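Working notes, beginning with the structure itself.
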């Protein structure tokens, strides 16, 4: 029996069944910036960056933002020529070959799932703290994490434009709160030292400790590249996707650098590092009570919780659309390509991702593991390495792709920017591996396992590609075969 779409769905479905023309530039920006969870990054990570890197920490976010903006040059240029929502997977497959594409598909699935599921540990802790401090209710962290899984599934099940509006509200609230604090600090003149630009002085920026915090600065932008995953649901994707990508990077870099700089002003250049060391994640709460009053503490507790939920929803949507795109190529079971006839959401992929989250969170809860240092950090860390590796491969694929095609895009977009960004991403990977103890808070076997997770995933991906080439040649030959819209240069 045929299924009749709900008459309230005004946008026509695409070939994959997703809702067409549902997202504009602002929608995409809200989705990808929400994934970064700016409030949680500032409250939870910025004090640590100040403690280790000193008052020059704001510059680390500027550097990471600049590096990712350079990466976006080649990345978004290629998005105009690749008619596929598989993002890294499809770009790498077209540029570097089908085997590399299959490997990147597996790395992407592992990485995005790791980034999303690990955050449930943070959600459990953040919401537990909020309920205890604000409402006097104290339940185990996993109760709140399970509730988040249900909320995330529901929002993901609804239409993508509903999800974008949901994220817009939460992101506006958390960003607004940070800006209110920053403005209050500056209007009141900061600490007794007054307002200054010491954070950007070369003597405070070019110090060895900055190399330690650079990986956390790059990690704060995770998910910004997801704009291309929504290609099928975006209005005028050739223009909207590049615009949204640059805006997302600029907003994140500007917000991070401005807020961390303003917090330095709250305590003064001489006292900021000591305040970060003494108060840790409470640094922002101390500043809020000092410059705005106790109401700010309550508001921040509430919005930290919603910030994490927004991040979970954004990554959940990214995972499900990645799964759908890869399944559409025949690399995953065809059932994952199903979309709901009414909401036009990839509901089967959403159910699978939700079930995986339940299994992982449940396993950590049963093992009585720490939700922050173990579920969040241990599960997220391989995801960070995986995304960095995919960015390197994607940058290289841009060069390889345009070498064979007459696209008229220019050397800066197709060679210089991709090569420079690949070098910067490799630097970020090396620094992340070298300073992994800083990221995980542990040493020894755990770090070795976390470092090996993505290389092992790559090996499994190669094995998967070889198996497909030998046993499912039709599937292997069809990998990213129809997403290239730019003709190759004829051989002379």
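The values are calculated or read from the model by the stated rules, or taken from the named source; none is laboratory data. What you see is a predicted model; the values in this text were computed from it and never measured. In this analysis, Cβ positions are derived from the backbone assuming ideal geometry, glycine residues included, and neighbour counts consider all displayed protein chains.
A few points about this structure:
- Qualifying residue in the range 429-438 (condition: at pLDDT below 90, out of contact with any helix residue (DSSP H, G or I) (no Cβ under 7 Å at 6 or more places or on another chain), surrounded by fewer than 16 Cβ atoms within 10 Å (Cβ to Cβ) and more than 30 Å from residue 242 (Cβ to Cβ)): yes
- One residue stands out in the range 440-449 among those that are touching a helix residue (DSSP H, G or I) at 6+ places or on another chain (Cβ under 6 Å) and part of a helix (DSSP H, G or I): the one that is modelled with the highest pLDDT, namely 447.
- Scanning the range 74-111 for residues that are over 18 Å from the mean Cα position of the chain (by Cα), at pLDDT 90 or above and surrounded by fewer than 24 Cβ atoms within 10 Å (Cβ to Cβ) yields 96, 97, 98, 99, 100.
- Boolean, residue 231 is in contact with a strand residue (DSSP E or B) (Cβ under 7 Å, 6 or more places away or on another chain) and more than 13 Å from residue 66 (Cα to Cα): no
- Residues of the range 153-196 that turn out to be assigned to a loop (DSSP other than H, G, I, E, B) and at pLDDT below 90, as a count: 9
- For the range 391-414, the set of residues classified as touching a residue at least 40 places away in the same chain (Cβ under 8 Å), in a loop (DSSP other than H, G, I, E, B) and either under 26 Å from residue 427 (Cα atoms) or out of contact with any strand residue (DSSP E or B) (no Cβ under 6 Å at 6 or more places or on another chain) (or both) consists of 406, 407, 409, listed by residue number.
- Checked against the criterion of being at pLDDT 95 or above and surrounded by fewer than 14 Cβ atoms within 10 Å (Cβ to Cβ), the candidates 459, 419 yield just one match: 459.
- Failed item, numbered, when residue 48 is tested on (1) closer than 30 Å to residue 296 by Cβ; (2) touching a helix residue (DSSP H, G or I) at 6+ places or on another chain (Cβ under 7 Å); (3) surrounded by fewer than 24 Cβ atoms within 10 Å (Cβ to Cβ): (2)
- Residue 146 being in contact with a helix residue (DSSP H, G or I) (Cβ under 9 Å, 6 or more places away or on another chain), within 29 Å of residue 362 (Cβ to Cβ), modelled with pLDDT of 90 or more and surrounded by fewer than 24 Cβ atoms within 10 Å (Cβ to Cβ): yes
- A count restricted to the range 462-492 and to residues that are at pLDDT 90 or above and closer than 30 Å to residue 381 by Cα stands at 7.
- Complete set of residues in the range 363-390 that are assigned to a helix (DSSP H, G or I) and free of Cβ contacts under 8 Å to residues at least 12 places away in the same chain: 363, 366
- Being modelled with pLDDT under 90 and either in a loop (DSSP other than H, G, I, E, B) or closer than 24 Å to residue 187 by Cβ (or both) holds for only one residue in 217, 275, 270, and it is 270.
- Filter pass, residue 280 being under 27 Å from the mean Cα position of the chain (by Cα), farther than 30 Å from residue 155 by Cβ, touching a residue at least 12 places away in the same chain (Cβ under 8 Å) and surrounded by fewer than 24 Cβ atoms within 10 Å (Cβ to Cβ): yes
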